[in-house]
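Peer 1: There's a structure below that I have some questions on.
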Amino acid sequence: MDVKAIKEQFPVLDQQINGNPLVYLDSAATSQKPLTVIQALEDYYKFDNSNVHRGVHTLGTRATDKYEGAREKVKHFINAESTSQVIFTRGTTTAINTVAYSYGRSNLTEGDEIVITHMEHHSNIIPWQQAAKATGATLKYIPLQSDGTISLDDVRATITDRTKIVAMMHVSNVLGTINPIKEVAAIAHQHGAVMLVDGAQGIPHLRVDVKDLDCDFYAFSGHKMCGPTGIGVLYGKKHLLEEMEPVEFGGEMIDFVHLYDSTWKELPWKFEGGTPIIAGAVGLGAAIDFLNEVGLENIEAHEERLAAYAMEKLHTMDGITIFGPEERAGLVTFNLDDVHPHDTATVLDADGIAVRAGHHCAQPLMRWLDVTATARASFYLYNTEEDIDRLVDGLNKTKEYFGDVF
Ligand code: 7TS
């Protein structure tokens, strides 16, 4: 993998921040976009823009072909059986809410259980809290091991015959933990429960095969995988999606509208009320082409190397706490002793290094870690070992700076 050549395809990375070359280490929040994605968006708006599934005019046909073509690309990318299982949404959050609302409201009753883990992003907690409140179901948490992983024994102990839904992140946006989705899905199925995967941090970095995982739902966002913001996907098993009611009603999703009742289009369109996210889907399609060209396996191996290199370097520093397991996806979450992570991020920014500081939308996990916030450096295919060296230099500088102050 020629990282230098890849980096050159991301124009935003070629700039100075505060007089230093930008080092972007915040891809877990959102990834940067390659020229091919930017170009696809520009071309769509310059040459093909139209609404879809309507007119017979040429632009309408082109826009529809591009939109549905993007769905085909997603289908292949995740190895779904059919395009009818690929629903375009605004992102991971909307995809999870769709399942929690539609599947949750019609399949949960008092005494049923929803099982999630203690490491989830708020997007995979709050929709289930709301579903539990609305139906009388109980929300249960799989506990974490001291290193921030889950054990299958705990999974087996938490999921029971009363469990109807298990919802779990593929990869933790804070700990970098890669969860054993396939094994958990098998345990969920033994108890007759369905398994939803929050794939926001999975699909950008790992080869995802929904058939092999045998998950019932897989949710992800385009913007973390080199695509634009505002587009994401809900994959679902067909028999489940078919029995689910839409959550948004209006144009596009209907078959026949009568005065007092209406019927819905078939899958996937019954879940895509209103003018869909056409340009977003086209951009996501271009992102998938880009990732396929580089190769997910290459990206995964590259990030594994970067994570190992970062861990090795950071372990040699004094006065740093690193959160999460040794074996991890391409991100490192840490705190410097006696320095607030926002201060760390501010000093790093002065050197042109972008990291995220805060609770990372995982307040229950922060409480479990016994911190209010952390700093996080997250990597992607355009990052290099030199970027990590710059981070380590920046952290040493931060320590010196705050050492002088206090
Ligand atoms: N699930 C996980 C695991 C995430 O990391 C995120 C976003 C989401 C869901 C929500 O995705 P959205 O596209 O619907 O917003 N995570 C982060 C983060 O770690 N920093 O900023 C956003």
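The values are calculated or read from the model by the stated rules, or taken from the named source; none is laboratory data. Note that this is a predicted model, so its numbers are computed, not measured. Every residue, glycine as well, gets a Cβ built from its backbone with ideal geometry; the counts of neighbours run over all protein chains shown. The accessibility values were calculated without ligands, DNA or RNA, using every heavy atom of the protein model including side chains. Shrake-Rupley method; radii C 1.70, N 1.55, O 1.52, S 1.80 Å.
Peer 1: Suppose only helical runs count, i.e. DSSP H with n ≥ 4. What mean residue ellipticity at 222 nm does that imply for the chain under -39500 (n - 2.57) per run, divided by all residues and rounded to the nearest 500 deg cm²/dmol?
Peer 2: The helix contribution divided over the chain gives -11500 deg cm²/dmol.
Peer 1: Could I ask something else about it? How many percent of the accessible area of segment 116-239 is carbon or sulfur, using a 1.4 Å probe?
Peer 2: In segment 116-239, the share of accessible area belonging to carbon and sulfur is 50 percent.
Peer 1: Can I ask one more? Using the alpha carbons of segment 296-402, what is the convex hull volume per residue in cubic angstrom, as a whole number?
Peer 2: 100
Peer 1: Treating only the Cα positions of segment 87-183 as identical point scatterers, give the base-10 log of I(q)/I(0) from the Debye formula at each q in 0.19 Å⁻¹.
Peer 2: -0.92
Peer 1: A further question follows. Evaluate the distance, in nm, between pseudo-label points positioned 7 Å from the Cα of Glu297 and of His53 along their respective Cα→Cβ axes.
Peer 2: Using points 7 Å along Cα→Cβ, the separation is 3.7 nm.
Peer 1: Return the inverse of the average 1/r over all pairs of distinct C-alpha atoms in segment 153-299, which is the Kirkwood hydrodynamic radius, in Å to one decimal.
Peer 2: About 17.1 Å for segment 153-299.
Peer 1: A follow-up question, please. Roughly what percent of Cα-Cα pairs across segment 107-150 reach past 17 Å?
Peer 2: 35
Peer 1: Right, another one. Take peptides 137-145, 331-339 and line them up by average Cβ neighbours within 10 Å, highest first, as a rough protection proxy.
Peer 2: 331-339, 137-145
Peer 1: Skip the ligands, DNA and RNA, and give the accessible area per residue of the chain with a 1.4 Å probe, whole Å².
Peer 2: On a per-residue basis, the chain sits at 42 Å².
Peer 1: Here is a follow-up. Using only Cα atoms, what Kirkwood radius does segment 41-129 have, in angstroms?
Peer 2: 16.0
Peer 1: Determine Rg/Rh for the chain; Rg is computed over alpha-carbon atoms and Rh is the Kirkwood hydrodynamic estimate from the same atoms.
Peer 2: Rg divided by Rh gives 0.99.
Peer 1: A follow-up question, please. Pick out, from Val184, Gln16, Ala329, the residue whose Cα sits farthest towards the positive end of the charge dipole of the chain, with +1 on the Cβ of Lys and Arg and -1 on the Cβ of Asp and Glu.
Peer 2: Result: Val184.
Peer 1: May I pose another question? Take the alpha-carbon centre of segment 296-339, take the same for segment 136-152, and report the distance between them in whole Å.
Peer 2: A separation of 23 Å, based on Cα centres.
Peer 1: Ranked from highest to lowest mean number of other Cβ atoms within 10 Å per residue, what is the order of the peptides 269-275, 106-112?
Peer 2: 269-275, 106-112
Peer 1: Can you work out D for segment 190-265 in µm² s⁻¹ from Stokes-Einstein, where Rh is the Kirkwood radius over C-alpha pairs, the temperature is 10 °C and the viscosity is 1.306 mPa s?
Peer 2: 108
Peer 1: What is the packing order of peptides 227-233, 128-134, taking the mean over residues of other C-beta atoms within 10 Å and listing the highest first?
Peer 2: 227-233, 128-134
Peer 1: Ratio to report: Rg/Rh of segment 133-186, with Cα atoms as the point set and Rh obtained by the Kirkwood method; give two decimals.
Peer 2: 0.98
Peer 1: Continuing with this model, one more query. With θ set to phi - 60° and the Karplus curve 6.51 cos²θ - 1.76 cosθ + 1.60, what are the ³J(HN,Hα) couplings of segment 94-108 in order, to the nearest whole Hz, using x for Gly and Pro?
Peer 2: Per residue, the Karplus-derived 3J(HN,Hα) values read 5, 5, 5, 4, 4, 5, 4, 6, 6, 5, x, 5, 8, 10, 9 Hz.
Peer 1: To make sure I understand the rule: partners must be aspartates and glutamates, Cα under 14 Å from the Cα of Lys211, and not fewer than 8 residues away in the same chain. Which ones qualify?
Peer 2: Glu81, Glu183
Peer 1: Taking each full run of DSSP H in the chain as one helix, which ones are at least 15 Å long along their axis (Cα atoms) and have mean Kyte-Doolittle hydropathy of at least 1.0?
Peer 2: Those that clear 15 Å and a mean of 1.0 are 278-294.
Peer 1: Related question: Within segment 275-406, what whole-number % of the accessible surface is contributed by carbon and sulfur, with the 1.4 Å probe and all protein chains included in the calculation?
Peer 2: 47
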